[in-house]
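Single-structure report; data block below.
The values are calculated or read from the model by the stated rules, or taken from the named source; none is laboratory data. Source: prediction; values computed, not measured. Backbone-built Cβ (ideal geometry, glycine too); neighbour counts: all protein chains shown. Ligands, DNA and RNA are stripped out before the accessible areas are found, and what is left, the full protein with its side chains, is counted by its heavy atoms. Shrake-Rupley method; radii C 1.70, N 1.55, O 1.52, S 1.80 Å.
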Amino acid sequence: MNKFCKILLSVIFVATINFAQSTPYVILVSFDAFRWDYVNREITPSLREVMTKGVHALSLRPVFPSKTFPNHYSIITGMYSENHGIIANGFLDTLTNVWYSMSDTVTTRESKWYTGEPFWTAAEKHGIKTASYFWPGSEQTDSLRHPTYFKKYEHNKPYFERVDSVISWLQLPQNVRPHFITIYFHDTDSFGHEFGPDSDELNRSVMRLDSVAQYLLTCLKKINMIDSVNVIFTSDHGMTPTPNDQVINIEKYIENYNCKIYDNGPVVRVEPEANEIDTVFQILKRNANNFRVYKKENLPSYYHYSNNTLISSIILIADLGWSLEDNEGFKRSGYLSKGNHGYEKDHTDMHGIFIAQGPAFKEHYKTGTLWNVDIYPLLSKIFGIKQNSLIDGKLERIEFILREN
Ligand code: AMP
Ligand code: ZN
Ligand code: ZN
């Protein structure tokens, strides 16, 4: 190797080390269905410590529908569900007659369903390595659309093992170490559904997640990275009680028409024959007690839920705590879950958490409700990445929580 090559290599080496050392770290933690007010129950000492030390938003507003896949994908793309394409946890593409379903890994791994650019893709384009210990949409097979390191979803993977993997990613050599990492835990969602948001069982799941938070922070201290890593604790939506005497059989009103009924619970999508849309709409409208009926094109713009061919012609939205079912579902309504989510995004019961600490964030800072679509521009700002102009999130609604340089 001649002298010039040696100098060039050492310049590249030093530049790589400098880049790695100056690139921020962010761990984005999702506690599924962790409602905004669970931290006020005096059972979350670790999260409260982070709230005091760093930034605490009163709540985090989800996108409509307040379901898991649409909202995780909104957080990671900065887009409303009508724009990123994941309009529900499961839906039919009527043009191709193919279903997308969160429980079908064949479809969750196909990039054709996802129209937004996830933050891990934006970061990787800028030379920042990323990792995910679970996140909806992180397993896409297209190599440009998944993080460098990611795990295939395993519902029962022990929580502390997930944290251990994140910690070992952070100890990789500088040139292959991820700087943006997501991690996900389902506990408060499962127990909120099964026992309701006011149950002892739910409170115990809140405590379990608080100890996960504590474990993560303790591990970061042990590897001497607590002062360099930004940690954001967030959730996709909240939870509300769903009494089983608040169930409406919507199919009985439209039995005489050839309608496809998609989904159940807080939001139902109805697709009648093209020439019967108006009639079916009028019938449902006449019977709309404890729920609202919209034609897709007339859904108020604040839902941001019209501009996608995957959304059906008619949308029914239950009032908070009410459930909409078809004939079959109605027969089982005695066994419905005690809590649910999916309702309109401005019901505070649907709001999640935003709690963050680290070198990028202000200290001892409380603020009001934030929007989950704004997390993407926030991440772009933290990493100094030019903002993607197609997103719905707005930096100016959130950047004040960052430390001023
Ligand atoms: P839901 O309450 O119906 O909106 O969805 C919650 C469920 O989503 C959880 O119980 C998980 O089983 C599932 N889930 C969350 N993340 C993933 C993922 N990355 N892949 C597959 N399923 C997931
Ligand atoms: Zn969820
Ligand atoms: Zn859920």
State to the nearest 20 debye the size of the charge dipole of the range 113-216 about its Cα centre, where the only charges are +1 on K and R beta carbons and -1 on D and E beta carbons.
600
Quick one: dipole size for the range 247-336, taken about the Cα centre, charges +1 on Lys/Arg Cβ and -1 on Asp/Glu Cβ, in debye to the nearest 20.
220
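Once R0 is set to 51 Å, what does the formula 1/(1 + (r/R0)^6) return for the Cβ-Cβ distance between V176 and N256, expressed as a FRET efficiency to the nearest 0.05? Display every interim value, and only then the final one.
On the way: r = 62 Å, r/R0 = 1.23.
For V176 and N256, the calculated efficiency is 0.25.
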Whichever aspartates and glutamates have a C-alpha closer than 19 Å to that of K152, once near sequence neighbours (fewer than 8 apart) are set aside
D32, D104, E110, E139, D142, E161, D164, D187
Go ahead and run the numbers for FRET between M225 and T141, Cβ-Cβ distance against an R0 of 41 Å, rounding to 0.05.
0.85
In a shell of Cβ-Cβ distance under 13 Å around I248, excluding I248 itself, what net charge do Lys and Arg (+1) and Asp and Glu (-1) give?
-3
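Given Cα pairs under 8 Å that are at least 6 residues apart, what percent is the relative contact order of the range 247-336? Could you put the intermediate results ahead of the total?
Details: 142 pairs, mean separation 38.9, N = 90.
Reported relative contact order: 43 percent.
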For S59, other-chain or 5+-apart residues with amide H closer than 5 Å (H placed, Pro excluded) are T369, L370
Using alpha carbons only, how many degrees (0 to 90, rounded to 10) separate the axis of helix 3-22 from the longest principal axis of the chain?
50
Show which lysines lie in cross-link reach of K338 when reach means a straight Cα distance below 18 angstrom and same-chain residues fewer than eight apart are skipped.
K67
Considering the chain as a Gaussian network with a 10 Å cut-off on Cα pairs, which listed residue, S205, S389, S66, attains the greatest mean-square fluctuation?
S389
Name the residue farthest towards the positive end of the dipole of the range 30-129 from the options V39, G127, G85, assuming +1 on Cβ of Lys and Arg, -1 on Cβ of Asp and Glu, about the Cα centre.
V39
Residue-by-residue Karplus 3J(HN,Hα) for the range 135-143, coefficients 6.51, -1.76, 1.60, Hz, glycine and proline x:
5, x, x, 7, 9, 4, 6, 4, 5
Candidate lysines for bridging to K296, where Cα separation is under 18 Å - those fewer than 8 sequence places away on the same chain excluded:
K260, K285, K345
Of the residues P147, P359, P70, the Cα lying farthest along the dipole of the chain towards its positive end, which is defined by charges on the beta carbon of Lys, Arg, Asp and Glu, belongs to P359
Averaging sequence separations of C-alpha pairs under 8 Å and six or more residues apart, then dividing by the length of the chain, give the relative contact order as a whole percent.
29
Counting Lys and Arg as +1 and Asp and Glu as -1 over every other residue whose Cβ sits under 13 Å from the Cβ of Y365, the net charge comes to +1
Dipole check, the chain, charges on Cβ (K,R +1; D,E -1), about Cα centroid: among I277, P158, F291 the Cα furthest to the positive pole belongs to P158
E49-E396 FRET efficiency (beta carbon distance; Förster radius 45 Å; 0.05 resolution):
0.95
Accessible-area order for E399, E139, largest to smallest, probe 1.4 angstrom, reads E399, E139
Extension gain from T367 to D200, taking 0.36 nm per residue of separation minus the Cα-Cα distance:
57.2 nm
Springs between alpha-carbon pairs under 10 angstrom, Gaussian network model over the chain: which of Y335, Y153, Y376 fluctuates most?
Y335
Amide H contacts under 5 Å for F361, restricted to residues at least 5 apart in sequence or on another chain and with H modeled in the peptide plane, are R403
What whole-number distance in Å separates the alpha-carbon centres of the range 238-310 and the range 77-111?
19
Each label sits 7 Å from Cα toward the beta-carbon; between V98 and N244 the label points are separated, in nm, by 3.9
In the chain, what percentage of the DSSP-assigned beta bridges are antiparallel, given to the nearest 5?
50
Residues in the range 61-94, backbone N under 17 Å from the label point at E110 (7 Å along the Cα-to-beta-carbon vector): list them, ranges by number please.
85-94
